[in-house]
Amino acid sequence: MRRFALIAVPYFWLLALFLVPFAIVFKISLSDIALSIPPYLPQLDLAKGWKGFTKFLGALDFENFEFLMMDDLYYKAYLSSLKIAAISTFLTLLIGYPIAYAMTRASEEWRPTLLMLVILPFWTSFLIRVYAWIGILGQEGFLNQTLMFLGLTSEPLIILNTPIAVYIGIVYTYLPFMILPIYSALEKLDDSLLEAAEDLGCSRIKAFWLVTFPLSRGGIIAGCFLVFIPTLGEFVIPSLLGGSNTLMIGKVLWDEFFSNRDWPLASAVAVILLLILIIPIILFQRNEQKQRESEG
Amino acid sequence: MRRLTWFNTTSLTLGFAFLYLPMVILVIYSFNSSKLVTVWAGFSTKWYGELMRNEAFLDAAWVTIKVAVLSSTFATVLGTLAAYVLVRAGRFWGRTLFSGMIYAPLVMPEVITGLSLLLLFIGIGLDRGVMTIVLAHTTFSMCYVSVVVSSRLSTFDMSLEEAALDLGSTPFEAFRLVTLPIIAPAVISGWLLAFTLSLDDLVIASFTSGPSATTLPIKIFSAVRLGVSPEINALSTIMIAIVTVGVISASLISKRAAVRQRLEEQQAVRS
């Protein structure tokens, strides 16, 4: 009995505030926009009993999804989000791996400090970290002033409000999510394996590709998912750094909801985004479970 | 074998420069006396003064702190419970679903979480305000708490708890007297994590708040949409300072606790 209560409290909380809301999103994605409060129809009228329910079901349709397929704005926004998420995940891995690797090479007493230096930005406001780049990347920003002072360019580079600024913003804010899992995978690595490889005639670089890199795969996979999945629906970075030139689905959903007040269409956008994300989320979870089992 | 090559040193230097320079620049420019944030016109703290007189920001800061304290406390209780269930409860019906619901919110795009919670609150007729933001924040931060706590619980030596039970304590007493003190560091860092996540959240708060409750990130976002503003630089500097002091002192405290624990263990072994 006590065990049941212990399980039930967090279980029902998550059911009610995580799973049920998705069902509601799905339901509303099948509704139509209307000038009412809340701004969609049909409303479920339980006072009319069973008849009200069947009438309600009859009024649901897939119109919003058809609209999403027809209008190429949405189709392009999904594709461009996937592209931006994939490229920036790759860039984050490229920058994060050497940092994580170097951290494990540092001496024992330095490692906690380095680790804290990676975690510290994670505790600092995400919004502020993105905002900091507006002042750096702008036409009269810090970067352009420095470049022009050094005589590297004669005209200010236009970076803010382009996809490049979005890549910089994503790599910057998600870098700790890539470094930490890779670091913890590399940290567990047994040094004698590398020594064995070198004794057997491997060069250092070859030993790295044959031993270190494959053994850090779990960390790499976890890091890539931790960057890729949230980036796909990212809203703050494209709207502050990307300007109107960057199309991302999180921003489209936001505008559909807050500017156009089309709740059913926003819900349909969310449902498709969720369908795209289900596979990577399941893969991520499998990877986590595998990691945990290999530890325990 | 473990040594830093020049390549390692370079990647560390460049990596940390990349992580920290933007924030350093932001902090420096918050002391700029010019309204034009890109031109340096001399040292001044006037933007901090302006910020302190800005009622709207102060109100929003108060709402944000209230939400963060409440939601992180609820999230810590629920998240610790969830972690206990994940690690200890063994098999039960719907366990896969349960662990899925713990891990999915960690990576779920915020726009989806925000939209779905808003539609739920409207559906059940809850007025949007401080309470709805607290409910929303509790839900996503309890998952973070339970991940942090469960990783500590899974390395915990079960026999300690069994010993307490054998010696006649009730399961609740065993939890309170044995398990809780041992997992306390993880519970505390879970609370801190939940607190900062709540302070930081823009997207979910925008969806779930009403006109009566504006949080600081919502205020900051609407201000910086129009570009850089020196007041926001000053506000950011204050927030960065608080976080830096907090994280560094927390890590010093936990280091000292670890040292003390080691000494005690050594003494126990010796006697």
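Every number in this text was worked out from the coordinates using simple rules, so none of it is lab data. Owing to the predicted nature of the structure, the values given are computational and were not obtained by experimental measurement. Because the Cβ atoms are built from the backbone with ideal geometry, glycine has one as well, and the counts that use them run over all protein chains shown.
Work out which GluC sites (Glu not before Pro) in chain A are exposed loop sites (DSSP not H, G, I, E or B, at most 11 other Cβ within 10 Å) and give the longest gap free of them. Within chain A, the longest run free of exposed GluC sites (Glu not before Pro) spans A:110-296. Annotation: lysines with alpha-carbon distance below 28 angstrom to residue B:255 (same-chain offsets under eight excluded): A:188.
Test of understanding: what is the full-extension gain from residue A:260 to residue A:16, defined as 0.36 nm times their sequence separation minus their Cα-Cα distance?
Length gained between residue A:260 and residue A:16: 85.0 nm.
For residue A:110 and residue A:66, the FRET efficiency from 1/(1 + (r/R0)^6), where r spans their Cβ atoms and R0 equals 51 Å, is about 0.30. Under a crude label model (7 Å from the Cα following the beta-carbon direction), how far is residue A:290 from residue B:249 in nanometres? Here the answer is 4.4 nm between the modelled labels. Computed from label points 7 Å out along Cα-Cβ, the spacing between residue B:73 and residue A:80 is 4.6 nm.
A Förster radius of 30 Å, combined with the Cβ-Cβ distance separating residue B:53 from residue B:241, puts the computed FRET efficiency at roughly 0.95.
Here is the result for region B:229-271: no GluC sites (Glu not before Pro) lie in DSSP coil with at most 15 other C-beta atoms within 10 angstrom of their C-beta. Averaging Cα coordinates gives a centre for region A:150-211 and one for region B:81-147; these two points are 33 Å apart.
Over chain B, Cα pairs under 8 Å with separation of 6+ residues give a relative contact order of 29 percent.
Rg and Dmax of region A:65-295, both derived from C-alpha coordinates alone, stand at 20.8, 67 Å.
Beyond 24 Å, what share of the Cα-Cα pairs of region A:94-192 is found? Please give it as a whole percent. So the pairs more than 24 Å apart make up 40 percent of the total in region A:94-192. Dimensions of chain B along the principal axes, based on C-alpha atoms and rounded to the nearest Å, stand at 71, 59, 35, largest first.
Nearest 0.05, what FRET efficiency do residue A:35 and residue B:127 give at R0 = 25 Å with Cβ-Cβ as r? With a Förster radius of 25 Å, E is 0.70. Set the Cα radius of gyration of region B:50-153 against 2.2 N^0.38 Å, with N its number of residues, and you get 1.28. What is the percent of Cα-Cα separations in the protein assembly as shown that go past 43 Å? Counting pairs separated by more than 43 Å, the tail of P(r) holds 24 percent. This model, with +1 at the C-beta of Lys and Arg and -1 at the C-beta of Asp and Glu, gives chain B a dipole about its Cα centre of some 580 debye. The separation of region B:6-24 from region A:57-93, counted between C-alpha centres, amounts to 36 Å.
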